[in-house]
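Trainee: What follows is a structure written as structure tokens; I'll ask about it next.
The values are calculated or read from the model by the stated rules, or taken from the named source; none is laboratory data. Computed from a predicted model, the values in this text were never measured in an experiment. Because the Cβ atoms are built from the backbone with ideal geometry, glycine has one as well, and the counts that use them run over all protein chains shown.
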Amino acid sequence: MRKTGVVFLLIFLIPLLVFAEGENETLSAAKKAFDSIESKVSDNSLPTARDYFKNSSFEYRSTLENMSKIESNTLSAQEKSDYMFILLIISLRKPELLSYSKVKPDYISAAKGFLDSTAPADLFYSQMLYLYKSGFISECLSIIDTVDAQNCAGGLFFKSGEFALEAGNAKAANMFFDYYLGKVLEKSSYKVFKEEIARVENLFREQEYHALANKYELLGIKVALDKEDAPQSIADGVRHKAAVLYKQGSYSEAVKYYEVLYFKTKDPSVKKTIADIYFDLNEYEKALQMYLSIDNFEKDSYSCFRTGLCCYYLNDRAKAYSILRDLLKSVPDSEYSDDILYYLWKINEEAGLIDESGEYYNELKKRYPGSEYILKIEKQKELL
């Protein structure tokens, strides 16, 4: 009786899962249906539910065959897909009740049947988005890949991405499109890949997800630059775009373009620009590593000065002091000398070395009487 009761309960509750046009309604309906079923099958009053679903494949399939609606083929392709999707969710959330490895092939069969029918395909994409938002990402990707096996270009990944983007979930769309483009790059020509990545970029651009659109633009550029016959005009275009973004203050975006450019050209001036951008973004560890990797950086007053500042802001005051002091000695009249004197004063002042800081302050006033740092120091002294 208990087994029959569980089966009846599942038949009654599972059809509650109706995927509406809007994402919120879809997820709400799915969650409501699942929560209702889960609370019942895990109830202590039905202890046989655990053994009922977790045993052999034969017993599990017998369970399905005994369900009158499936046995009489009265379920539509959409209803069967709904039904199997709920079983799939139960198997993922309550594996002790139901085996995912046994449910998965039946769900895939139902999903293929649904996709082959004349019904709108949004149901399948809604289910995949639900899996993604529920944290079952690897399972989601595996199912799409299996269902899409006959389409080597990954069309279902693209359509899942479109659906997610229209539903306002750009993060999920990004993942689906990444997999799609990976398949295109692997299976198709460069010409097709170029067309498809531009297509994906435009989809994000139209929805005003400009950071993600730029990501795909950069990916397309990088692939193009990797080609041996890549024209110089591509690199020139990247340099121009990076410079415009940098000038606009869009440092996080600009650095991505400069990094792609450096990857191809190995231009030392580009590397220095990348280091400067990381410095401007307060990412001092990244900036430090970039400055240190510049050939003969110790002979470049600017890079050496910035290296000292990075150490200062990374709280390595001793190293910062050593670098800046040595730079001042080796190049006493560089264009950064007043900056260096200020930071040497500051390091000593913060360390409580008043006499030493006073010496740097006096040298700053003597050599650069009009320096803005003099007023800055005096104001700081007033606060002490």
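Trainee: Please enumerate the residues belonging to segment 92-135 that are of a type in the set (S, T, N, Q), part of a loop (DSSP other than H, G, I, E, B) and out of contact with any Ser or Thr (no Cβ under 7 Å at 6 or more places or on another chain). Lay out the reasoning, then the answer.
Mentor: First, the residues of segment 92-135 that are of a type in the set (S, T, N, Q): 99, 101, 109, 117-118, 126-127, 134.
Remaining after also requiring part of a loop (DSSP other than H, G, I, E, B): 99, 117-118, 134.
Matches in segment 92-135: 117, 118, 134.
Trainee: How many residues are touching a Ser or Thr at 6+ places or on another chain (Cβ under 8 Å) and surrounded by fewer than 21 Cβ atoms within 10 Å (Cβ to Cβ) when one looks only at segment 272-297? Don't jump to the end; show me each part of the working.
Mentor: As a first pass, look at segment 272-297 and keep what is touching a Ser or Thr at 6+ places or on another chain (Cβ under 8 Å): 272, 275, 281, 288, 291-292, 294, 297.
Narrowing the set further to residues that are surrounded by fewer than 21 Cβ atoms within 10 Å (Cβ to Cβ) leaves 272, 281, 292, 294, 297.
Qualifying residue count for the region: 5.
Trainee: Can I ask one more? If you scan segment 234-253, which residues turn out to be of a type in the set (Asp, Glu) and either surrounded by 13 or more Cβ atoms within 10 Å (Cβ to Cβ) or not in a helix (DSSP H, G or I) (or both)? Quick ask: steps written out before the conclusion?
Mentor: Step one: filter segment 234-253 for residues of a type in the set (Asp, Glu), giving 236, 253.
Within segment 234-253, just 253 meets the criteria.
Trainee: Within segment 348-384, track down each residue that is under 47 Å from the mean Cα position of the chain (by Cα), in a loop (DSSP other than H, G, I, E, B) and either exposed (fewer than 10 other Cβ atoms within 10 Å of the Cβ) or of a type in the set (Ser, Thr, Tyr) (or both).
Mentor: 352, 371, 384
Trainee: For residues in segment 313-327 being in contact with a Leu (Cβ under 8 Å, 6 or more places away or on another chain) and under 24 Å from residue 268 (Cα atoms), which is surrounded by the most Cβ atoms within 10 Å (Cβ to Cβ)? So that I can check it myself, show each step before the final result.
Mentor: Residues of segment 313-327 that are in contact with a Leu (Cβ under 8 Å, 6 or more places away or on another chain), as a first pass: 314, 320-321, 324-325.
Still in the list and also under 24 Å from residue 268 (Cα atoms): 320, 324.
On the way: 320: 22, 324: 25.
Ranking the qualifying residues of segment 313-327, first place goes to 324.
Trainee: Please work out if residue 320 is more than 29 Å from the chain's Cα centre (by Cα), aliphatic (A, V, I, L, M), on the phi < 0 side of the Ramachandran plot and modelled with pLDDT of 95 or more.
Mentor: Numbers: more than 29 Å from the chain's Cα centre (by Cα): yes; aliphatic (A, V, I, L, M): yes; on the phi < 0 side of the Ramachandran plot: yes; modelled with pLDDT of 95 or more: yes.
Judged against the criteria, residue 320 is a match.
Trainee: Take the residues in segment 276-313 that are part of a helix (DSSP H, G or I) and among the small types (Gly, Ala, Ser), then tell me which one is nearest to residue 256 (Cα to Cα). Quick ask: steps written out before the conclusion?
Mentor: From segment 276-313, those part of a helix (DSSP H, G or I) are 276-280, 284-292, 297-299, 301-313; that's our starting set.
Right, trim to among the small types (Gly, Ala, Ser) and you get 287, 301, 303, 308.
Values: 287: 14, 301: 26, 303: 21, 308: 25 Å.
Filtering segment 276-313 for residues that are part of a helix (DSSP H, G or I) and among the small types (Gly, Ala, Ser), the one nearest to residue 256 (Cα to Cα) comes out as 287.
Trainee: May I ask you to list the residues in segment 166-192 that are among the aliphatic types (A, V, I, L, M) and either modelled with pLDDT under 95 or surrounded by fewer than 22 Cβ atoms within 10 Å (Cβ to Cβ) (or both)? Walk me through how you get there before you give the answer.
Mentor: Within segment 166-192, the subset among the aliphatic types (A, V, I, L, M) is 167, 170, 172-173, 175, 181, 184-185, 192.
Residues satisfying the conditions are 167, 170, 175, 181, 184, 185, 192.
Trainee: Being within 30 Å of residue 330 (Cα to Cα), acidic (Asp, Glu) and surrounded by 16 or more Cβ atoms within 10 Å (Cβ to Cβ): is that true of residue 300 here?
Mentor: Against the criterion (within 30 Å of residue 330 (Cα to Cα), acidic (Asp, Glu) and surrounded by 16 or more Cβ atoms within 10 Å (Cβ to Cβ)), residue 300 qualifies.
Trainee: Out of all the residues in segment 320-347, which are among the acidic types (Asp, Glu), assigned to a loop (DSSP other than H, G, I, E, B) and in contact with a Ser or Thr (Cβ under 9 Å, 6 or more places away or on another chain)? So that I can check it myself, show each step before the final result.
Mentor: Residues of segment 320-347 among the acidic types (Asp, Glu): 326, 333, 335, 338-339.
Add one more test, that the residue is assigned to a loop (DSSP other than H, G, I, E, B), and what stays is 333, 335.
335, the sole residue that qualifies.
Trainee: Let me ask something else about it. Mind checking which residues of segment 179-229 are of a type outside the set (A, V, I, L, M, F, W, C), under 18 Å from the mean Cα position of the chain (by Cα) and over 23 Å from residue 242 (Cβ atoms)?
Mentor: Answer for segment 179-229, where residues must be of a type outside the set (A, V, I, L, M, F, W, C), under 18 Å from the mean Cα position of the chain (by Cα) and over 23 Å from residue 242 (Cβ atoms): 179, 180, 182, 207.
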